[in-house]
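All remarks here apply to the structure that follows.
Since every read-out is calculated from the coordinates, none of them should be taken as a lab result. Keep in mind it's a predicted model, so treat the numbers as computed, not measured. Here the Cβ positions follow ideal geometry from the backbone for every residue, glycine too, while neighbour counts run over all protein chains shown.
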Amino acid sequence: MPPLSAQKPITLVGGYLGAGKTTFINRLLNSGCLPSQTAVLVNDFGDINIDEELIRSGSDNDQVIGLANGCVCCSIADDLTSVLDELKNSAIERVLLECSGVAEPHKARQQCHYPGFYPHTAVVLVDALNHTHRCADKYVGALAIAQVEQADLVVITKSSANPEFRLAELQPSIDADDADALEIVLGWRGEHAYSELAGPTSAPRFSTQTWRPRRPLPLARLQNFLDRLPDSVQRVKGFVETDAGVVEVQRVGTVTRLQPWASRPASLGLVFIGYAKEDFPAFDEEI
Ligand SMILES: [Zn+2]
């Protein structure tokens, strides 16, 4: 095995569905703190790689590689291996891996022990607005807590929307809005305090489904449809053609955000991620 210095560090960016991973990665890419030869691997649980599209359009990094349709810590670990194999002898100096929102950081970290690479730090984003409520959820609470426990460093996002938020766990944490947050993340040395012997979490099985409407939807009805989704649908994202043009859809928890999207995305469609497949909408065209 080559000495550690010759190996390329992989910084993992994890955190629950909708914690703000893609936004944070775009900030890292635009910060000037990273070597120009940085590859960004983007793991989307659904079958359309929406985060890849958002990173391609939000930065000028041209080494964005999508890993879609599964979770990199479990179901598509082989896809990660083949990408690392291709990058092994390239000019790439550093890798950022955006884990899916349902990934367990310690499992994702294990996948990064690949010849020529080493897992540098598992950074986990925690959404100040939704985290407390989510940890109490009987279905997804154990996963949300485990993601934080397995972090080397926690980055708190959306704290301006909930300034009183404090993390109950003992992991070191910083605020995403701190002036030096990006430098801290990139310079952080993981302690790997998390015991690999700890038992598995009782995470539910997440499912995903994609809906590709065949014709433009009325914007108001799309909003109404999204507002009525049940709690078990934990995340919705994608691009949809409406009577007001293409919109980017982001739904985290019960909050939906629709905003105009100027360019033509590579794929139109909405990805739903949830833990009760029977709760997915019937995707009736007449929403
Ligand atoms: Zn996984």
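Observations on the model:
- Within the chain, helix-based [θ] at 222 nm, where runs of 4 or more DSSP H residues each add -39,500 (n - 2.57), nearest 500: -6500 deg cm²/dmol
- When each of K158/K237; K8/K158; K21/K277; K107/K277; K21/K107 is checked by Cα-Cα distance, pairs over 26 Å: K8/K158
- Dividing the mean sequence gap of close Cα pairs (under 8 Å, 6+ apart) by how many residues the chain holds gives a relative contact order of 19 percent.
- If R0 equals 30 Å, the separation of the Cβ atoms of E278 and N162 corresponds to a calculated FRET efficiency of about 0.40.
- Proxy reagent accessibility, fewest Cβ within 10 Å first, across D152, D62: D62, D152
- Prolate/oblate/rounded label for region 207-279 (Cα gyration tensor, a/c 1.5): prolate
- One decimal place: the segment L268-A179 gains 28.5 nm when fully extended, by the rule 0.36 nm per residue minus the C-alpha distance.
- Across region 1-156, the relative contact order, built from alpha-carbon pairs under 8 Å that are at least six residues apart, equals 34 percent.
- Among H133, I50, P281 the positive-end extreme of the charge dipole of the chain (Cβ point charges): P281
- Computed over region 1-142, the convex hull of the alpha-carbon atoms projects to a mean area of 8.6 nm².
- Qualifying trypsin sites (Lys or Arg not before Pro) in region 6-95, DSSP loop, other Cβ atoms within 10 Å at most 16: K88
- Shape of the chain, Cα gyration tensor, a/c cut at 1.5: prolate
- Report note on the peptides 39-52, 134-147, 175-188: ranked by the mean count of other C-beta atoms within 10 Å, highest first, their order is 39-52, 134-147, 175-188.
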